[in-house]
Amino acid sequence: MRKILILGLIVLVVFLAGCARKGEVPTGTGVIIKSFGPDISTVDSNTPVNFILSIKNTGGVKAENVHAVLFGLSDKWSTVPALNDLAPELASGLAAADPTTGLPGEEITKTWEEDKAPASSSDISYDANVRVQYKYKTEATGLVRVVSADYLRTNPNVQRGIISSQTTAGPLSVNFFARSPVVTGENNVVRVQIEVQNVGEGKTFSGDNSVAPASSVTAGTLNKIRITEVDGCTRVTSSSTKAVLLIGGKSATINCEKDITTTTTFTDFTFTVKIEYGYFVDAATQVTVLKKLT
């Protein structure tokens, strides 16, 4: 009985060791705001208040040029942050989770210190907002199977179209659809539709995001992404520019074509889509300042 118990303990230790080595798999929507708020939600007049921000990279790639700005706070506070307060200590970037080493996505905390809450003759609740912006990349790969019309007649159950696809975790998701996975001698062009979806809680923007969000995210850059590469499939949508506008800030469609020279049965080809963009997420909080005692 004792031997069985010892053996069971050994198996348990090995199992737990294996679980400990298992890393966090990136499945989130990029950099998220874990928490944002004052260190004390209700304070007396003329007392210090700290606004604390906690963010984490839950996506599959490193977040670059990460900045945070506190805004919306009343000018009655002793030290109102300027809009160019970008929390530069965040700018070195946040690493993604690494399942091979067991390291989770990198997270960091930023604190804005207010010398004292404003004095007032009545209790007042003040609003404060924070914006976190960063540069990110999304890469998606699809595998397409194209069959000949003659082969399809002899084998109608053959798998065709999109066989598999994968996208790096982040605020954008990418889906593929093959519109013409059957070719003939007269028509050997396969069209693939690429659909980009904003699945995060924020918005995309293009251009330089090395300055304050209040001035960099403008109408001209908002909801735009940059297609840096469509490899393995000739792009036919917006071929004159790489900037793509997400309709309503949520979705865009890109079409590309592939010439299939000859196939007597079926042929497979892969293609990769690479997207670069800026992204920002907002959060709001509130702090109540009690009236000054007289």
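Data table
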{"item": "Count - residues of segment 257-294 that are in a strand (DSSP E or B) and exposed (fewer than 13 other Cβ atoms within 10 Å of the Cβ)", "result": "4"}
{"item": "Subset of segment 184-201 that is more than 30 Å from the chain's Cα centre (by Cα) and either free of Cβ contacts under 8 Å to residues at least 60 places away in the same chain or outside the structural domain of Asn255 (by TED's automatic domain parsing) (or both) - its residue that is surrounded by the fewest Cβ atoms within 10 Å (Cβ to Cβ)", "result": "Glu186"}
{"item": "Hey, Val130 assigned to a strand (DSSP E or B), closer than 23 Å to Gly30 by Cβ and modelled with pLDDT of 90 or more or not", "result": "yes"}
{"item": "Residue within segment 253-263 that is under 19 Å from Asn188 (Cβ atoms), of a type in the set (A, V, I, L, M) and modelled with pLDDT under 85 present", "result": "no"}
{"item": "Residue match in segment 149-159 (condition: surrounded by 14 or more Cβ atoms within 10 Å (Cβ to Cβ) and part of a strand (DSSP E or B))", "result": "no"}
{"item": "Residue in segment 12-33 that is modelled with pLDDT of 90 or more, polar (S, T, N, Q) and not in a strand (DSSP E or B) present", "result": "yes"}
{"item": "Hey, Asp115 surrounded by fewer than 18 Cβ atoms within 10 Å (Cβ to Cβ), in contact (Cβ under 8 Å) with a residue 12 or more places away in the chain and in the same structural domain as Pro99 (by TED's automatic domain parsing) or not", "result": "yes"}
{"item": "Every residue from segment 205-226 that is modelled with pLDDT of 90 or more and among the β-branched types (Val, Ile, Thr)", "result": "Ile225"}
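The values are calculated or read from the model by the stated rules, or taken from the named source; none is laboratory data. Everything quoted here is computed from the prediction, not taken from an experiment. Using ideal geometry, Cβ is built from the backbone for each residue, glycine included, and neighbour counts are taken over all protein chains shown.
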